[in-house]
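Here's the structure we're looking at; comments come further down.
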Amino acid sequence: MSKQRVLTGITTTGTPHLGNYVGAIRPAIAASERDDAQSFYFLADFHALIKCHDAEQVHQSTREIAATWLALGLNADKAIFYRQSDIPEIPQLCWLLTCQAAKGLMNRAHAYKAAVAANLEAGEDPDFGVTMGLYSYPVLMAADILMFNANEVPVGKDQIQHVEMARDIAARFNHHYGEHFVLPEARVDEQVAVLQGLDGRKMSKSYGNTIPLFLPEKQLKKHINKIKTNLLEPGEPKDPDDATVFQIWQAFATREQTESMRQAFADGIAWGEAKRELFELVNEQLGEARERYNELMEKPQYVEDVLQSGAAKARAYSEPMLEKLRAAVGIRPLV
Ligand code: TRP
């Protein structure tokens, strides 16, 4: 039997933080070691342009994210690791799919609807500031997925709708032109922690409450010291399940370490002490990767070469696939 194809994209707009690591990068790297699956992981830099019009930031983020995944041990000989924009077949497929995707389907996309709702709320024109990029974002995402006939698409909850739209568009294309596409399935891992940020809300760039993944030690310590706590004094029992410090601890600790920290909370550990231990734990787990990351950030040519060899592997799939699809829609040589 051929291997399951697992595919996911990372939009290149920010600096990776602990929440990205725990919620997406760590499980994806672990999954890429499976022998019964072939993973396709890519830097979604075309998607970045939808949200971010700062060229330098898109470029810098691409560098940082590529270095991050490699520093954390992604095996680029096993996983196919590439940059979306290095696969010229993707925007071509995007057009073929655009011509099958119902406009009404796009009208229902959450991201677009949220933008419209915010405009109406502000008394603006409903489409104020909405680009065609934002509007047809789900079609580009469908192209990413269908290009490689991915079976499984690990994503966060906010992306489930997009994967369903990819299925919809694929089914429509298949119905019209024959069975070319596998219908992909979103996979949302419920085991994976959604990390809390400094203020206790979900750690997210849009809340400005993140702890960047590869901060220098001193800065990491500073950030951890900023995690919000209550006013309980040393010696007073504390509720671990109501504490961001404990929640982050749990995402990095073994089961035994988690249990002993739970006990320490019951015994009234001081917040300062709990934070110091959290710093030690995180720093120890990320220390080596941080060194590799710093090295890789100094060696962009090496990272570029890895991405280029990933693109060559990806194109071994996308080129013949696109040729077949072009022929299917009637775009082929005259003789
Ligand atoms: N839109 C996804 C996000 O913002 C990133 C992405 C782009 C993606 N293309 C994809 C995820 C294809 C899965 C499959 O998180």
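The values are calculated or read from the model by the stated rules, or taken from the named source; none is laboratory data. Quick caveat: nothing in here was measured; it's all calculated off a predicted structure. So basically every Cβ, Gly included, is an ideal-geometry build from the backbone, and we count neighbours across all protein chains shown.
If I filter the range 166-189 down to residues being surrounded by fewer than 22 Cβ atoms within 10 Å (Cβ to Cβ) and of a type in the set (A, V, I, L, M, F, W, C), which single residue comes out as farthest from the ligand (Cβ to nearest atom)? First the steps, then the outcome.
Taking the range 166-189 first, the residues surrounded by fewer than 22 Cβ atoms within 10 Å (Cβ to Cβ) are 167-168, 171-172, 174-180, 182-183, 185-189.
With the extra rule that they be of a type in the set (A, V, I, L, M, F, W, C), the set shrinks to 171, 182-183, 186, 188.
Details: Ala171: 17, Val182: 14, Leu183: 14, Ala186: 9, Val188: 12 Å.
Only one residue fits best here, namely Ala171.
When the range 199-208 is examined, which residues are found to be surrounded by fewer than 18 Cβ atoms within 10 Å (Cβ to Cβ) and part of a loop (DSSP other than H, G, I, E, B)? Spell out the reasoning first.
Step one: of the range 199-208, the residues surrounded by fewer than 18 Cβ atoms within 10 Å (Cβ to Cβ) are 199-202, 204-208.
Asp199, Gly200, Arg201, Ser204, Gly208 - these are the residues of the range 199-208 that are surrounded by fewer than 18 Cβ atoms within 10 Å (Cβ to Cβ) and part of a loop (DSSP other than H, G, I, E, B).
Name the one entry in Val163, Val153, Val130 that is within 23 Å of Ala24 (Cβ to Cβ), touching a helix residue (DSSP H, G or I) at 6+ places or on another chain (Cβ under 8 Å), free of Cβ contacts under 8 Å to residues at least 24 places away in the same chain and assigned by TED's automatic domain parsing to the domain that holds Ala48.
Values: Val153 fails: free of Cβ contacts under 8 Å to residues at least 24 places away in the same chain; Val130 fails: within 23 Å of Ala24 (Cβ to Cβ).
Of the residues listed, the single one that is within 23 Å of Ala24 (Cβ to Cβ), touching a helix residue (DSSP H, G or I) at 6+ places or on another chain (Cβ under 8 Å), free of Cβ contacts under 8 Å to residues at least 24 places away in the same chain and assigned by TED's automatic domain parsing to the domain that holds Ala48 is Val163.
Which of the residues spanning the range 7-23 are within 13 Å of the ligand (Cβ to nearest atom) and part of a strand (DSSP E or B)?
The answer is Leu7, Thr8, Gly9, Ile10, Thr11.
For the range 144-162, how many residues are in contact with a strand residue (DSSP E or B) (Cβ under 8 Å, 6 or more places away or on another chain), among the aliphatic types (A, V, I, L, M) and within 17 Å of Leu43 (Cα to Cα)?
Result for the range 144-162: 4.
Out of curiosity, is Ile211 within 12 Å of the ligand (Cβ to nearest atom) and either surrounded by 15 or more Cβ atoms within 10 Å (Cβ to Cβ) or over 21 Å from Glu64 (Cβ atoms) (or both)?
Numbers: within 12 Å of the ligand (Cβ to nearest atom): no; either surrounded by 15 or more Cβ atoms within 10 Å (Cβ to Cβ) or over 21 Å from Glu64 (Cβ atoms) (or both): yes.
No; evaluated as a whole, the condition is false for this residue.
Inspect the range 14-27 for any residue being in the same structural domain as Val139 (by TED's automatic domain parsing), among the β-branched types (Val, Ile, Thr) and surrounded by 23 or more Cβ atoms within 10 Å (Cβ to Cβ) and give the result as yes or no. Break it down stepwise before answering.
Looking only at the range 14-27, we keep the residues that are in the same structural domain as Val139 (by TED's automatic domain parsing), and these are 14-27.
The next check asks that each one be among the β-branched types (Val, Ile, Thr); those that pass are 15, 22, 25.
From what is left, the residues that are surrounded by 23 or more Cβ atoms within 10 Å (Cβ to Cβ) are none.
No: zero hits.
Looking at (1) in contact with a Ser or Thr (Cβ under 9 Å, 6 or more places away or on another chain); (2) within 16 Å of the ligand (Cβ to nearest atom); (3) farther than 30 Å from Asp199 by Cβ, can you tell me which one Gln4 breaks?
(1)
Across the range 97-150, what is the number of residues that are more than 16 Å from the ligand (Cβ to nearest atom) and of a type in the set (Ser, Thr, Tyr)?
0
Looking only at the range 55-99, which residues are among the aliphatic types (A, V, I, L, M), more than 23 Å from Tyr317 (Cα to Cα) and in contact with a helix residue (DSSP H, G or I) (Cβ under 7 Å, 6 or more places away or on another chain)? Please lay out each step first, then the result.
Filtering the range 55-99 for residues among the aliphatic types (A, V, I, L, M) gives 55, 58, 65-67, 70-72, 74, 76, 79-80, 87, 90, 93, 96-97.
Next, only the ones that are more than 23 Å from Tyr317 (Cα to Cα) stay: 55, 58, 65, 67, 71-72.
Correct list: Val58, Ala67, Ala71, Leu72.
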